[in-house]
Amino acid sequence: MENRQWLLRRRPVQMLRDGDLELAHGDQLERALRAGEIRVRNLLFLYAPTMRNWMSSRDASLHMIIPVGAPVQAMSASRVIESRNPAFPVGSRIVSMGSWSEFDIIDSASAPRLIDEGVTAIEALGAFGLNALTAYFGLMRVGRPSPGETLVVSGAAGSTGSVAAQLGRIAGCRVIGIAGGAEKCSWLRDECRIADVIDYRSDDVSAALKSLCPTGTDIFFDNVGGAMLQAAVDNMAKFGRIILCGQIAGYNSEEEDLPAFKNIMRVIYGSVRIQGFLFGDYRDEVPAAMADLIAWRRSGEIVTREDIRTGFETLPMHFNALFEGTNRGTLLGLVDDDAYSAR
């Protein structure tokens, strides 16, 4: 049996293009396992915007850089087929940091986490996956919302933003979502129950924020950066909090120094707190967060949607959907129907 994997052949310039990645043979099925390692069959991959950062050569931003010639890194859901780690027996399912490979070898540095019985791999990477947990920790631990506060979320129809917006509603905030296009805005209103939505494709975001938030924004959950972040900074309330989750507007830029925002004095005189964070900062709290997310999802308090693209050979062709805005929900790459199993 042959194992195929996708390698980074050259660093992308702006969008991912043909020739940036190469389909090649990998030895993950052949190499003997070392103590503590597990061998897995990958079932499903999460497409995440930050993967574009990993493919770049910006080495001053603290994120990992994929070496040219190495496999593309991604969050994956997998089935264990061989194990030298008693915590992950053969037959169990895991979520971990892996690679675009049909089979893989996972060690403790990849932070594997067992998928609970009754949860499918699709749910483990989607409704209860990295993006949902990122939304949870960003809003609940960094933003610390209080009832009656105004929360604004950019990229609000995205995988992370939609959960952050709904968590704000659950926390008693008045939530304003920023999204692109009538379909996404309608989904936020009708399914996610976010009453106030700004369509950045047809509305002036800065003017809309001033109109909707005459006394300013208390919390801004930023997934986009660029002009969205500038509009938020210009309209923050006293003691407001800006949560920096992502900067998708600049991920395909070749500039070493991505634009931030102007009017820093507004931040100083407004006593505004700006904080970035990573999911890994709160890894010890994952079980409690998962329990909350599962309960809210099962009760209908949170709705999610997954955009599933099928086929290992076609993994690269769907990546740009993240930046074109054509995906509808968490973008997942399905490579094995076992991903639908809940056991």
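The values are calculated or read from the model by the stated rules, or taken from the named source; none is laboratory data. Quantities reported herein were computed from a predicted structural model and do not represent experimental measurements. A quick note on method: Cβ atoms are made from the backbone with ideal geometry, for glycine too, and the neighbour counts reach across all protein chains shown. To get the accessible areas, we keep the full protein, side chains included, count just its heavy atoms, and leave off ligands, DNA and RNA. Shrake-Rupley method; radii C 1.70, N 1.55, O 1.52, S 1.80 Å.
Can you name the residue in segment 176-194 that is under 18 Å from Leu229 (Cβ atoms) and in contact with a helix residue (DSSP H, G or I) (Cβ under 8 Å, 6 or more places away or on another chain) and, of all such residues, is surrounded by the fewest Cβ atoms within 10 Å (Cβ to Cβ)?
Looking at the filtered set, the residue picked out is Ile176.
Kindly list the number of the only condition in (1) within 20 Å of Val224 (Cα to Cα); (2) surrounded by fewer than 19 Cβ atoms within 10 Å (Cβ to Cβ) that fails for Pro67.
Only one criterion in (1) within 20 Å of Val224 (Cα to Cα); (2) surrounded by fewer than 19 Cβ atoms within 10 Å (Cβ to Cβ) is unmet by Pro67, namely (1).
Do the conditions hold for Arg266, that is, is it surrounded by 13 or more Cβ atoms within 10 Å (Cβ to Cβ) and either assigned to a helix (DSSP H, G or I) or at pLDDT below 95 (or both)?
For Arg266, the condition - surrounded by 13 or more Cβ atoms within 10 Å (Cβ to Cβ) and either assigned to a helix (DSSP H, G or I) or at pLDDT below 95 (or both) - is met.
What single numbered condition from (1) at pLDDT below 95; (2) more than 30 Å from Val80 (Cα to Cα); (3) of a type outside the set (Asp, Glu); (4) in contact with a Ser or Thr (Cβ under 8 Å, 6 or more places away or on another chain) fails to hold for Gly181?
Status for Gly181: all satisfied but (4).
Just need a number here: residues in segment 81-132 that are among the basic types (Lys, Arg) and in contact with a helix residue (DSSP H, G or I) (Cβ under 8 Å, 6 or more places away or on another chain).
2
Do we have any residue at all in segment 226-244 that's among the acidic types (Asp, Glu) and within 14 Å of Ile176 (Cα to Cα)?
Taking every residue of segment 226-244 in turn, none turns out to be among the acidic types (Asp, Glu) and within 14 Å of Ile176 (Cα to Cα).
Checking Ser76 against (1) polar (S, T, N, Q); (2) surrounded by fewer than 20 Cβ atoms within 10 Å (Cβ to Cβ); (3) touching a helix residue (DSSP H, G or I) at 6+ places or on another chain (Cβ under 9 Å): exactly one of these is not met. Which one?
For Ser76, the failing item is (2).
When only residues in segment 34-64 that are open to solvent by less than 10 Å² (accessible area, probe 1.4 Å) and at pLDDT 95 or above count, which is farthest from the chain's Cα centre (by Cα)?
Only one residue tops the list, namely Ile38.
Within segment 105-118, does at least one residue satisfy the condition of being more than 17 Å from Asp337 (Cα to Cα) and basic (Lys, Arg)?
The answer is yes, given that some residue of segment 105-118 is more than 17 Å from Asp337 (Cα to Cα) and basic (Lys, Arg).
Considering only residues of segment 177-203 that are outside any loop (DSSP other than H, G, I, E, B) and among the β-branched types (Val, Ile, Thr), which is nearest to Ile219 (Cα to Cα)?
Ile178
Of all residues being of a type in the set (Gly, Ala, Ser) and on the phi < 0 side of the Ramachandran plot in segment 17-31, which is least open to solvent (accessible area, probe 1.4 Å)? Just the residue, please.
If we take residues in segment 17-31 being of a type in the set (Gly, Ala, Ser) and on the phi < 0 side of the Ramachandran plot, then Gly26 is least open to solvent (accessible area, probe 1.4 Å).
Please enumerate the residues belonging to segment 132-154 that are among the small types (Gly, Ala, Ser), open to solvent by 30 Å² or more (accessible area, probe 1.4 Å) and in a helix (DSSP H, G or I).
Of everything in segment 132-154, nothing turns out to be among the small types (Gly, Ala, Ser), open to solvent by 30 Å² or more (accessible area, probe 1.4 Å) and in a helix (DSSP H, G or I).
Could you list all residues from segment 65-75 that are over 13 Å from the mean Cα position of the chain (by Cα) and under 30 Å from Ala342 (Cα atoms)?
Within segment 65-75, Pro71, Val72, Gln73 meet the criteria.
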